[in-house]
Amino acid sequence: MKNQNYKEALNLPIFKTISEATDELALDSYVIGGFVRDYLLQRNIPKDIDVVAIGSGIDLAKQVAAKLPGKPTVQVFKNFGTAMIKTADLEIEFVGARKESYDRGSRKPAVENGTLEDDQLRRDFTVNAMAFSLNKRNFGELLDPFSGIADLEASILRTPTNPDITFSDDPLRMMRAIRFAAQLHFVIDTEAFQAIKRNCERIRIVSKERIVDELNKILLTEKPSVGFLLLYQSGLLPIILPELTALQGIEEIEGQRHKDNFYHTLEVVDNIAQNTDDLWLRWAALLHDIGKAPTKKFQEPVGWTFHGHEFVGSKMVYKLFKRMCLPLNEKMKFVQKMVLLSSRPIVLSQDIVTDSAVRRLIFDAGEDIESLMILCEADITTKNPNRFKKYHQNFKAVRLKIEEVETRDHVRNFQPPVSGELIMETFGISPSKEIGIIKDAIKEAILEGIIPNEYEAAFQYMLEKGHELGLKKS
Ligand code: ATP
Ligand code: MG
């Protein structure tokens with residue numbers, strides 16, 4: 001197995017160019033990390049390629065760029081000693097081989113030049129530490145001092161050195177372990193997992209942006225519960241997302257139990273992952289019940305209640321997004337809206353569906369009505385097959401009703417059929433609260449089905465309302 005050659009992995013023209021540039025500078029260079037791992041796993045070859053030079057990565061990048069068609073610019077990150085070239089379809093990062101040790105309490109590395117093996121030793125996992133040579137003398141040779149290939153064949157994530165050191169040096173690696181386990185269907189080596197448990201508190205020194213990057217990648221896996229359960233078992237989840245772990249547990253009073261909303265949530269996320277790749281809708285699924293922890297009450301005679309959890313939950317979304325440096329823009333508003341409306345279609349599916357209730361739902365959800373339905377269907381986690389079937393059928397009926405009502409009444413992108421200007425003109429009034437009152441009354445009348453969503457009817461209704469308010473047609 002040792003020193004096997006993988007020339008065929010390097011048939012992209014860029015590797016030949018790097019090899020020539022390496023030769024011209026009398027250096028050594030290797031492609032390392034994700035590219036090698038994914039090639040050996042026969043995964044899609046990544047667009048980002050990492051090259052390590054024994055010497056200056058920046059010099060090598062410049063030499064390579066000068067040989068490429070169009071001479072792309074080299075982005076130099078002097079502080080990190082790295083350089084990047086972007087071509088039409090690739091991003092190649094060059095770095096000089098490093099030997100490093102971290103100061104405890106920060107993750108600012110003290111960096112020294114090192115050999116290839118020094119550099120491989122400071123990488124996160126053995127399967128990420130393998131390199132293919134780009135040198136003329138042994139082009140394509142696999143350099144694998146830590147038996148990454150054996151770990152890859154056994155689907156194991158193991159650190160190249162003592163895991164306590166690896167994880168303590170850069171605690172983000174604990175999340176990377178879990179993310180790779182979830183993405184690649186690998187298992188984390190037992191010793192490494194014990195080390196994650198011991199070091200989990202150190203995640204606090206890692207920037208929120210890096211943590212969120214990994215959380216997003218976990219959320220985007222095929223079965224996100226795999227990653228979230230590992231985060232939970234490792235002790236990382238209560239530190240990063242305590243709102244979620246607060247949902248864990250079942251309480252019983254007077255023989256009445258509520259479901260474990262943490263495990264329920266993970267099921268909902270797995271369900272939704274089968275129907276959408278939208279990261280934000282997956283976040284909505286993850287957070288849809290977070291308001292249940294602070295609103296939980298046992299009330300005679302009904303039992304367990306979570307009154308207003310959707311509203312409380314949507315407020316918590318803002319705090320959580322702010323704390324985690326997630327975007328506070330329309331993405332957050334979307335997640336808030338999904339959480340706030342998350343019970344509405346369920347209520348509809350249980351009662352006799354009136355047109356006006358459906359119109360209100362469409363009005364409130366607007367463009368996001370389909371996302372909301374996907375969320376609500378994912379929320380069905382009953383283990384009773386009859387109920388499961390019944391609930392899904394009910395939602396089908398709600399969907400049909402939504403289509404029927406929307407086709408007729410067009411309230412999804414509700415535009416008031418009578419404008420404020422027209423109201424002012426009709427009654428000869430200037431901007432005042434009456435205009436708001438009339439507009440609101442028209443909207444309510446349409447949603448309630450008192451009048452159709454049409455100009456003529458709305459105009460008549462406006463006259464009536466104006467009259468009630470003591471206004472006169474001018
Ligand atoms: P992917 O691109 O799918 O996230 P990757 O393994 O390529 O996977 P990158 O973040 O692109 O991950 O990093 C490239 C390589 O750099 C890794 O394979 C690993 O060798 C090394 N690496 C990245 N981040 C770390 C880290 N925090 N600690 C140690 N090594 C790391
Ligand atoms: Mg990569």
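Laboratory data are not the source of any read-out in this text; all were calculated from the coordinates shown. Since we're looking at a predicted model, the values are computed, not measured. Using ideal geometry, Cβ is built from the backbone for each residue, glycine included, and neighbour counts are taken over all protein chains shown.
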Would you mind listing how long the chain runs along its three principal axes, going by Cα atoms, in whole Å with the largest first? 92, 63, 40
Once label points are set 7 Å from the Cα along Cα→Cβ at both Leu12 and Glu444, what is their separation, rounded to one decimal in nm? 6.3
Helix-only [θ] at 222 nm, the chain, -39500 (n - 2.57) per DSSP H run of 4+, per residue, nearest 500, equals -15500 deg cm²/dmol
Give the peptides 387-397, 115-125, 232-242 in descending order of average Cβ contacts within 10 Å, highest first. 115-125, 232-242, 387-397
Beyond 28 Å between alpha-carbons counts as too far, so tell me which of Lys217/Lys331; Lys78/Lys331; Lys292/Lys439; Lys62/Lys217; Lys86/Lys319 fall in that bin. Lys78/Lys331; Lys292/Lys439; Lys62/Lys217; Lys86/Lys319
As straight-line cross-link partners of Lys197, the qualifying lysines (C-alpha separation under 18 Å, not fewer than 8 residues apart within one chain) are none
In whole Å, what is the distance between the alpha-carbon centres of the range 417-460 and the range 347-370? 23
Determine the alpha carbon to alpha carbon distance for each of Lys401/Lys433; Lys223/Lys383; Lys401/Lys465; Lys47/Lys136 and list only those over 26 Å. Lys401/Lys433; Lys401/Lys465
